[in-house]
1. Determine the shape class of region 540-625: with a ≥ b ≥ c the square roots of the Cα gyration tensor eigenvalues, call it rounded for a/c under 1.5, and otherwise prolate if a/b is greater than b/c, oblate otherwise.
2. For labels at residue 233 and residue 644 in the simple 7 Å Cα→Cβ model, what's the distance in nm?
3. Please work out how much length the chain gains when fully extended from residue 478 to residue 659, using 0.36 nm per residue of separation minus the C-alpha to C-alpha distance, in nm with one decimal.
4. As a test of the definition: which semi-axes, in Å, follow for region 319-566 when you take the square root of five times each eigenvalue of its alpha carbon gyration tensor? Largest first, please.
5. Please work out whether region 589-679 counts as rounded, prolate or oblate from its C-alpha gyration tensor, where a ≥ b ≥ c are the square roots of the eigenvalues and a/c under 1.5 means rounded, while otherwise a/b larger than b/c means prolate and anything else oblate?
6. Among the lysines, select those whose C-alpha is under 21 Å from the C-alpha of residue 415, and discard any that sit fewer than 8 residues away in the same chain.
7. Would you mind computing, in nm to one decimal, how far apart the modelled labels at residue 93 and residue 623 are, each placed 7 Å from Cα along Cα→Cβ?
8. What full-extension length gain, to one decimal in nm, is calculated for residue 152 and residue 420 as 0.36 nm per residue of separation minus the Cα-Cα distance?
Amino acid sequence: MSTAAPHPHLSLVKGDPAPAVEALEGTVVPVGQPPLWARSQAGLTRLADRVVDSRGGFPTVVRGYRRLGSQWVAGYHDGWPHMIRTVSDALAATQDHAEQDRLRAKLEQRRGDYLRHRLIYSGVTAGIGVVGTTGLAVGTLTGGLLVDVAVLAAGWWYGVRRGRTETLAPGLHAATEAIQLAAPTAAGVTAQGVTMDQIPADAAPFPVRQAQTPEQLAVCVLAAMRRENIPVVEVFGISFHVWGWECTVRVGEGTPEAIITKAGGLETSFDLGTNRLRIQPLKERRACATLRLIESDPFASAPPPPYRAPKSISITDRSRLGTSIGGDPLEISLAGVMGLIVAASGGGKTGILQSLGEVTTACYDNITIDLDPFGDGLEDLYDGVRLTARTTEQIEAVLAFLLVLAKGRARLRRKLGMGNKWRPSAEHPAITVIFDEFPKASELAQLLAFELLLVGRKECIEVELASQGGTTDYLGKNIAQMIALRMVGPCKRVDTNAVFGDRAAAEGWLPHRLDPATDTDPKDAGHVFAQGVPGLANQALEYAVHHFDAATLRKLGAERLEAGLVELDQQSIDAMAEVDLPEIPDFPKLLSWPALLRLCGARPPAGQAAGHSVVEEALAAMDSAGVERMRTETLADALGLTVDELKAKLRAAGVPEPSGIGPTDGLQNPRGYKRETLSRA
């Protein structure tokens, strides 16, 4: 049985120094590259690849045409599989039968759109291919050897040009040799992740345009994160799009705020333009954020706005308003939703409001009202808007009317069996007020609008305010964060904080990094970050709102006017006579609906012109009698009408039903009409 050798004795005391090495005499020979036969097989292969790539060898040509084919495939799919998968996932997740029916219809629509896109794309490709192939064949067969050589050389040169790569960062091939990711899914996403310890310690960042594979993109991102001392430990969910790369990263400590803070340095490492790295922290995974490395416009392939026929949708429907940077639709329902739109000059605020107005004026159960104390509001959509107010008198009168209307509806809806909120319909429509340039309105108008924000939601009288800023300097009150729907375009940092909260930027809400338009470049005009969109999670996601040109808006407005504008229901008008006026200092004179339309220069409701003379005759009858009120029977006799005829004509003129008028003709409180009530019609 052998015994293990004892451990050596450890001591801090140094022993005797090692003996000196004896110097040898001779000729010094410099050490150079090892001979060719001593190089590794992998080194020879990489050397051959570089030589072939730089000299236009056959592999370069093959790679060039393979890239061309990849681009054709990307255009053939054009993001549709991703959009179809989004709806399919939502369908699988919901248990609501009504929502399932809606999603099934949308899924079928998208599959049909995808099929049409592929047919058109294939047809165009086939047409170009037939023409090109025929031309080449004729030229080759009839042009002789010289033409044959020229065609071959041109094809070879084109393949080399597309296949030649830039000089990649040192060590990139070695860094990606050991990383073999699973094949992408049908939607083009590489789900498998790459961790920081999988890449070499000396891997350096390089321009993102050099990345040709998901493995190279992972190395590119992780190396840049390490250079910026950002604690990212993994990158996954990698996918390539026409506009650039998309991936998700996970930090090992802290939050993705570290990525947002150093976005500028990362853009330098990736060799991207300013604000071309878009960062979206994920609410469902606190440690993760989606990165979009943008090399071209990500909204270039977004679908155009759909055509909506007059009275074809409900205000309760979710209607498409735009597209997210991820390709998903921005769909919104404004029923009972108070909103705030903030964008600096050139931020596309007017275009956003026009897109909202295009939706609301297409509804069969909504009245659109356009207020703007400074500009021209919805502009070319004017014909489709029921009421437009521009002067201080008009705007204050409209808001006062709506405030009393909301109070009347609060008492009326229970009688109509609607429950605890107004149920919009063609007979009892909602009202949407689009209030542009809110800060330029009078103090009284701002106060009335604020009061309406508090009480209008349950009565389906919704107000959408628009301003160039979100702070109290613009809005007068600290109301930005109390409003449900908030959409912010290009703005200042203080506006982002005022609307979304003090730590909004750290959470990825970055509208202040969007660029407003100039006279010659739209830039990010019409792009927004949005919170409070019904049915959507509050993700820090950039959206592009649909843009309508002036001619299209004029055409839509004319169509909706021809189809007939939605009118206010008489029951709501009658309910206004049964409530007290709000106790607001300097509250404007309350006008009837027809009188309000006349003040704002709007078209009268059907039957108003015929009934208006009856109001004038009724006032003249009171003047003749020298009284301020008359019983219904007395007034009918004075005008030579029956009671029913008088009530019908006055109702058509916007006069409420007869009510108690106090002691008259020896009676304590008979029903009739007061001069004040008739004068408001």
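1. Details: a/c = 3.05, a/b = 1.68, b/c = 1.82.
Since a/c reaches 1.5 but b/c is at least a/b, the shape of region 540-625 is classed as oblate.
2. 8.3 nm
3. Numbers: separation 181, 0.36 × 181 = 65.16 nm, distance 4.17 nm.
Roughly 61.0 nm would be gained on extension.
4. On the way: eigenvalues 146, 85, 67 Å².
Here the semi-axes work out to 27, 21, 18 Å.
5. Details: a/c = 2.04, a/b = 1.67, b/c = 1.23.
Cα axes put region 589-679 in the prolate bin.
6. Answer for residue 415, where 21 Å is the Cα cut-off: 407, 458, listed by chain and number.
7. 6.8 nm
8. Values: separation 268, 0.36 × 268 = 96.48 nm, distance 7.72 nm.
The residue 152-residue 420 span can extend by a further 88.8 nm.
Any read-out appearing in this document is the output of simple, stated calculations on the displayed coordinates, not a laboratory observation. Predicted model only: the values in this text are computed from it and were never measured. FYI the Cβ positions are ideal-geometry reconstructions off the backbone, even for glycines, and counts take in every protein chain you see.
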